[in-house]
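Have a look at the structure below, then the notes.
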Amino acid sequence: MSMKNYKKITNLIFEAAVVKRLKRTGWQILGDNEESIGEHSFMTAVIAYILAKEMHVSLEKIFLMSLFHDFHETRTGDLDKINKLYLTRNEKQANIDIFASVDSKLLQIVSEYEGKKTIEAKIVYEANIIALLVELKRLEENGNIHASEWITKNSDRLRLPESIKLTKALLSANTQDWWKKMRQTIHTGFKKEA
């Protein structure tokens, strides 16, 4: 990416700010969650990193693909599963319009993701699904009775053995376990204060 054309680069940066603000639409139907496309892309990148390390796959490509895989949604919108029954969108053209004049490497990477044929594209695609499952798991723990159906159906979409193993571990854990030891320390401190 050349800094020669600052106008194109600043436009990409401002469009990235829109990715950060735009909300994913499927949560509105489920009724219990809000998540931006940028927040989802962050979680996808974290999960893709874990899978890529396990599978010894190029981290640079994984990070770029994770970061930019839904960038086109600034122009095409985030279509939930109901929308996709009725609407189509031209993701390929949106990606060309966004990236072609700024960085052909990014255009190549998002095009590769859309093809879902390379191992990197498969990892990011499945990390994308697992990121959704992380949100659904939290909703299920918080009492959303409809989240379980979506957990089951989305888990069934996974094909990579590493993704399946990671998902089983995530779904059998508690979303609050990550700070269990710290909570115990804090609670012990409460007892000392009393």
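The values are calculated or read from the model by the stated rules, or taken from the named source; none is laboratory data. Because the structure is a prediction, the values reported are computed rather than measured. Positions of Cβ are backbone-derived with ideal geometry, glycine not excepted, and every protein chain shown enters the neighbour counts.
What the table shows:
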quantity	calculated
Filtered residues of segment 28-45 (kept if touching a residue at least 60 places away in the same chain (Cβ under 8 Å) and assigned to a helix (DSSP H, G or I))	Leu30, His40, Met43, Thr44, Ala45
Exclusive hit being modelled with pLDDT under 95 and of a type in the set (Ser, Thr, Tyr), set Thr76, Thr118, Thr25, Thr44	Thr25
Unmet criterion (only one of (1) farther than 22 Å from Lys122 by Cβ; (2) touching a helix residue (DSSP H, G or I) at 6+ places or on another chain (Cβ under 9 Å); (3) in contact (Cβ under 8 Å) with a residue 40 or more places away in the chain) for Lys8	(2)
Conditions (1) farther than 26 Å from Ile119 by Cα; (2) under 17 Å from the mean Cα position of the chain (by Cα); number of the one not met by Lys180	(2)
Pick from segment 17-26, criterion in a helix (DSSP H, G or I) and touching a helix residue (DSSP H, G or I) at 6+ places or on another chain (Cβ under 8 Å), ranking: farthest from Lys165 (Cα to Cα)	Val18
Residue within segment 148-169 that is among the small types (Gly, Ala, Ser) and either modelled with pLDDT under 95 or over 26 Å from Ala121 (Cα atoms) (or both) present	yes
Answer residue from segment 51-63, given it is surrounded by fewer than 16 Cβ atoms within 10 Å (Cβ to Cβ) and touching a residue at least 40 places away in the same chain (Cβ under 8 Å) and is farthest from Ala169 (Cα to Cα) among those	Ser58
Residues of segment 175-194 that turn out to be touching a residue at least 24 places away in the same chain (Cβ under 8 Å) and surrounded by fewer than 10 Cβ atoms within 10 Å (Cβ to Cβ), as a count	0
Identity of the residue in segment 117-140, more than 21 Å from Phe42 (Cβ to Cβ) and free of Cβ contacts under 8 Å to residues at least 60 places away in the same chain, that ends up surrounded by the fewest Cβ atoms within 10 Å (Cβ to Cβ)	Lys117
Segments classed as helices (runs of 4 or more DSSP H), wholly inside segment 101-194, with at least 3 members that are among the charged types (D, E, K, R) and under 29 Å from Gly31 (Cα atoms)	119-141
